[in-house]
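Comments concern the structure below.
Please treat every number below as a calculation from the coordinates, not as lab data. This one's a predicted model, so the numbers in the text were calculated from it and none came from an experiment. Using ideal geometry, Cβ is built from the backbone for each residue, glycine included, and neighbour counts are taken over all protein chains shown.
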Amino acid sequence: MTEQEIKICFKAEEGTDMGTLTLIPIRKTMIPSDCAFISSNDNIILKNIPEAMDDNNKTAIQYKVNPSNESANIILLEETKYKLFFEPNISYENIIFPSLFKNNESNEIKNLIFDQFIHEKGFYGGTLNTGSYVGKSFFDIELDGLKSQSVPFEIRSKKIGYEPHYPAMIADICEAAAGILFNSSLPFFDPFRIEERLNTSLYEDFLFLEYLFRPENLLTSYEHIRRDPHMILARSQETVPISLAQTIGGNDIINMVSDSANLFKTDKTPDNWPDAMNNYLPHKISQTSYYDILDTPENRFVKYFLEIIENLIDKMVIYMEKNDIRGYPADKTGEYQEIIRDYLLDNWLDDVGELEYFPSNSQVLQKREGYRDILRYFTVLESSFYHHLDEIYELIEGYQRRLYELYEYWGYIKLFKILSSLSAKAPDYNNLFDIKSDKKWKLEFKRGVKSKQKFNIDIHGREIRVELLYNRRFQKSKGDYSSYSLGLQPDYTLHIETDNGIQFIHFDAKYRSEIQMRELNAYDFEEEEQQKRVYKLADIYKMHTYKDAIKNTLGAYVLYPGHECKIFEENTSSIVPSVGAFPLTPGLDDQNEEYYIGNFIKKVLEEFRIQQ
């Protein structure tokens, strides 16, 4: 274990040296043996601070040399406490630290705790408790109204691999909400009124960008098009000397003999020259050539779509700068701006003209890989983002990555998809939302009794009725949905109708896990893929609470981002009653996790089928 320390020199905008902030983890920390330590510079003094590594989620302070827009140089750790000391270099009467938090009641501030501060002459100190906060924030200070420059820092989750989870969950939720399309009562997207839209739809449009710029979406679709763009064969005619002619067709010969002024007689005719020409050759010949062109209606549509996205992003960046909107959405939008500009600089688009009409009947646009995706993205942009997912927007405002809340929404969508697959039908996400159109097209997840989603699942020739409920509350009562003690509210409940009455299976989304302990050197940092993350025992205890307290419950299971699937059965002869945990990880291309959950549900239903 090693002691760490970082000193940050605060300067005012005009350059005044205001003082130094010292940050020290309350507990000594683990530092990998193969790390490179970062040297101090003029504005920051570092003691035992290693260079940040993506798979290091144990070291309390790290330093990232070239951070992205959404990150920072200083990397801290969630659920960690730090001591803070500020030593001023100028005299003052009043101090505010950090000044960014002044008059701020956002959830970001509530989850990032600065407390136990002591203010004595020449000294100001206390603690920082990062709690469950994950994301970016800032250190700054204000002395008698003089504000320092803001120093960004990132708080990293203790869950290895959390970075791709956040955009993956946002994009999946966005795609589900975007399924509410082709409704004739909805207004249409007008790219010429973007400035007006941004006052009410900034976060809708950001969700669309998160969905659009996922690696498997626009980045892949556009690459397909760029590698193999649609081209059509064009024909042109030009008059050339006969010595330069490459091919002569039947029409060329007819045109040649019809113009006697273009003929001359010679003793040197080409091989196989027709005898009927009497040794006459043309001075020049009209030759037809064929070549591929990129300027097609389909390619014009692709270019038009890219230009719309660039226009939207440019306006979003300007709007966020003008309104001082900072955080994850602002940082990511800047990255997307660079990507779309690079696309529009591609050489092949130089030969593509402006869109004159929408090629609605084009088979290329409807069926060809890459092009059909661009059409789908355009439809989503045009139709779906007049809906307002306010409860999601609240989770992405500011810099905090509220992974825990997002994971609950995301898990609901995944479970709905799994049950849709078991019932052999495509998931219709429209049913998950309430649409309110009184003032604006507002979407909210249905909850409780209203959230009931019905599925008929065939088990060996017999259909079993299953209902999925979100946040259904079980209270002490005499009804089917009751608890014998206190009120309980699992995240997701499966209502299964059997010959013996209603039976329940519950799932809870828990965005947390822990590394499975084994004999390891304290400084042995494994690669992410070698580390096995398992469920927390406290979450299994909670599942016992659901199973034992809620009437007619046969099982309760944790959904978590990890590796181990575990079922604790009451007896080995039956898969239920039981409790357990299933891994369900955002952004994971492997479909095995969803398959295991679906297969477990199917096995439970098969047991009911046998009993019947």
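Taking θ as phi - 60°, what are the ³J(HN,Hα) couplings along the stretch 72-80 by the Karplus curve (6.51, -1.76, 1.60), each to the nearest whole Hz, with x for Gly and Pro?
Per-residue couplings from phi come out as 7, 5, 8, 10, 9, 10, 5, 6, 9 Hz.
Would you work out which of Tyr304, Tyr319, Gln337 lies farthest towards the positive end of the dipole of the stretch 290-351? Charges go on Cβ: Lys and Arg +1, Asp and Glu -1.
Checked the options; the winner is Tyr319.
Which trypsin sites (Lys or Arg not before Pro) in the stretch 2-31 pass both tests, a DSSP loop state and at most 15 other beta-carbon atoms within 10 Å? Don't jump to the answer; show the numbers that get you there.
Values: sites: Lys7, Lys11, Arg27, Lys28; in loops: Arg27, Lys28.
Loop-located and lightly packed - Arg27, Lys28.
Can you list residues from other chains, or at least 5 along the same chain, whose modelled amide H is less than 5 Å from the amide H of Phe138?
Those lying under 5 Å, H to H, from Phe138 are Phe153.
Which pairs, out of Lys332/Lys450; Lys11/Lys158; Lys83/Lys158; Lys417/Lys510, put more than 28 Å between their alpha-carbon atoms?
Numbers: Lys332/Lys450 35 Å; Lys11/Lys158 32 Å; Lys83/Lys158 20 Å; Lys417/Lys510 19 Å.
Lys332/Lys450; Lys11/Lys158, as the Cα separations exceed 28 Å there.
Once the Cβ-Cβ distance between Ile118 and Asp324 is put in as r, and R0 is 25 Å, what FRET efficiency do you end up with, to the nearest 0.05?
The computed FRET efficiency comes out at 0.20.
Put a dot 7 Å past each Cα toward the Cβ at Tyr484 and Gln363; how far apart are the dots in nm?
6.7 nm
Post the alpha-carbon centroid distance, the stretch 287-311 to the stretch 323-369, in whole angstrom.
Each part's Cα centre sits 13 Å from the other's.
Multiplying the sequence separation of Ile90 and Thr20 by 0.36 nm and subtracting their Cα-Cα distance, what value in nm do you get?
Stretched fully, the Ile90-Thr20 segment lengthens by 24.1 nm.
Would you mind ranking Ser477, Ser260, Ser451 so that the residue whose beta carbon has the fewest other beta carbons within 10 Å leads the list? Intermediate results must be reported in sequence, preceding the final value.
Numbers: Ser477 12, Ser260 8, Ser451 20.
Exposure proxy ranking, most exposed first: Ser260, Ser477, Ser451.
If each residue of separation counts as 0.36 nm, what is the full-extension length gain between Asp259 and Ala276 once their alpha-carbon separation is subtracted?
On the way: separation 17, 0.36 × 17 = 6.12 nm, distance 1.55 nm.
Net length gain for the segment: 4.6 nm.
Could you list which residues have their amide H under 5 Å from that of His283, counting only those 5 or more apart in sequence or on another chain, with H placed in the peptide plane?
Result for His283 returns Leu263, Phe264.
State, to one decimal in nm, how far the label point of Asn599 lies from the label point of Ala538, with both points 7 Å from Cα in the Cβ direction.
3.2 nm
Contour minus end-to-end for Asp55 and Leu588, with contour as 0.36 nm per residue of separation and end-to-end as the Cα-Cα distance? Please list the in-between numbers first.
Numbers: separation 533, 0.36 × 533 = 191.88 nm, distance 1.69 nm.
Between Asp55 and Leu588, full extension yields an extra 190.2 nm.
Between Asp351 and Met30, what FRET efficiency follows from the Cβ-Cβ distance if R0 is 45 Å, with the result rounded to 0.05?
Working: r = 57 Å, r/R0 = 1.26.
So, using R0 = 45 Å, E works out to roughly 0.20.
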